[in-house]
Amino acid sequence: MPIDPYILLLLGTVGLAALLPARGTGADVASGASTAAIAFLFFLYGARLSTREALDGLKHWRLHVTVLACTFVVFPLLGLAARGLVPVFLTHPLYQGLLFLTLVPSTIQSSIAFTSMARGNVPAAICAGSFSSLVGIVVTPLLAAALLGSGGGFSADSVLEIVLQLLVPFLAGQLLRRWIGGFVTRHKKVLGLVDRGSILLVVYTAFSEGMVQGIWHQVSPLRLAGLMAVEAVLLAVMLLVTWYGAKALRFGREDRIAIQFAGSKKSLASGLPMASVLFGAHASLAVLPLMLFHQMQLMVCAVIAKRRSRDAPEEVTPPASDAGSRTAVGTATRSD
């Protein structure tokens with residue numbers, strides 16, 4: 001089970017914030033830079049998402065409703081149920097972070113990658129992840145305000161700030177996609193660095209503020225172990241719910257794969273900027289559960305995707321007209 005190199009970069013950023021946290025004017029500059037970077041990040045998301053693909057994806061509405069229900073209904077209910085683990089397994093701040101984790105939207109890139117690896121419905125995974133991210137821009141802060149209340153420092157102003165910082169740039173990207181969509185597509189690898197750099201900047205800002213406030217004294221190795229155990233159970237439950245729930249709803253195998261990977265995962269890219277706005281000085285503890293869950297879901301889903309790929313039914317190929325054709329078909333089949 002591989003460790004995502006980006007997680008190592010995130011951990012290195014946390015270490016940098018612990019050794020050299022931004023203070024005073026530096027903290028103001030870092031905060032302003034992270035706000036601008038995240039706005040630009042969601043502008044790029046808007047420019048990348050094809051409106052036609054999004055509209056075509058609506059045809060498979062049962063699948064998308066199922067993924068949204070898993071992401072914004074089943075996950076939060078499990079998060080609320082975890083309240084009974086305080087204070088035995090979790091401190092209250094860690095529980096708030098865990099509950100916030102259950103409210104953020106699904107991933108896009110990794111859901112698509114794992115669905116493709118497992119030979120599932122890739123177009124459905126693309127649309128499901130995109131819809132979840134778009135809906136989450138509005139639904140996540142509203143759910144956080146309702147379920148976490150004043151404990152997370154939520155207010156109408158913080159919800160409005162998220163809409164202005166995330167939704168408005170996204171819509172601007174959609175409006176300008178006609179002129180810049182081609183450029184964004186051609187340079188997606190370079191702009192991908194902007195994506196990851198923006199998240200690293202948000203992490204550095206959040207953990208710097210946490211170091212200055214001294215909130216890391218609230219976390220012990222035993223509490224971290226308890227958090228990881230709780231998250232492992234949460235991930236296992238969601239993987240089972242998405243797989244067997246989709247089966248009960250009579251989805252085919254390819255659709256069930258897309259539902260499992262899109263409905264059981266949470267987005268680090270969407271969750272981090274929201275947490276930095278909603279939690280303020282306590283954002284570092286709030287995003288810690290999300291960072292741990294992100295790595296855990298990548299490791300576990302990579303193993304599941306490989307197993308699903310081996311269990312995939314063989315494709316029926318037409319009879320070859322000669323021995324050379326049979327050899328070619330056989331070679332192609334083995335390379336899948």
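The values are calculated or read from the model by the stated rules, or taken from the named source; none is laboratory data. Since we're looking at a predicted model, the values are computed, not measured. Cβ: placed from backbone, ideal geometry, glycine included. Neighbour counts: every protein chain shown. Heavy atoms of the whole protein, side chains included, go into the accessibility calculation; ligands, DNA and RNA do not. Shrake-Rupley method; radii C 1.70, N 1.55, O 1.52, S 1.80 Å.
One table, with the values for the structure above:
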{"read-out": "Rounded if a/c under 1.5, otherwise prolate or oblate - the stretch 1-44, Cα gyration tensor axes", "value": "oblate"}
{"read-out": "Cα→Cβ-extended label distance, 7 Å offset, between Leu77 and Ala33, nm", "value": "4.5"}
{"read-out": "Accessible area per residue, Å², the stretch 59-123 with all protein chains present, probe 1.4 Å", "value": "41"}
{"read-out": "Accessible-area order (highest first, 1.4 angstrom probe) of the listed residues Met291, Met228, Met211", "value": "Met228, Met211, Met291"}
{"read-out": "Cleavage-rule hits, trypsin sites (Lys or Arg not before Pro), the stretch 228-268, DSSP coil, Cβ neighbours within 10 Å at most 15", "value": "Arg250"}
{"read-out": "Two-site label geometry, Leu249 and Ala69: point separation in nm, points 7 Å out along Cα→Cβ", "value": "0.5"}
{"read-out": "Leu167/Val194 FRET efficiency (R0 22 Å; Cβ-Cβ; nearest 0.05)", "value": "0.70"}
{"read-out": "Carbon/sulfur fraction of accessible area - the stretch 16-110, other protein chains in place, 1.4 Å, %", "value": "71"}
{"read-out": "Hits among lysines - C-alpha to C-alpha of Lys188 under 24 Å, sequence gap 8 or more where chains match", "value": "Lys265, Lys266"}
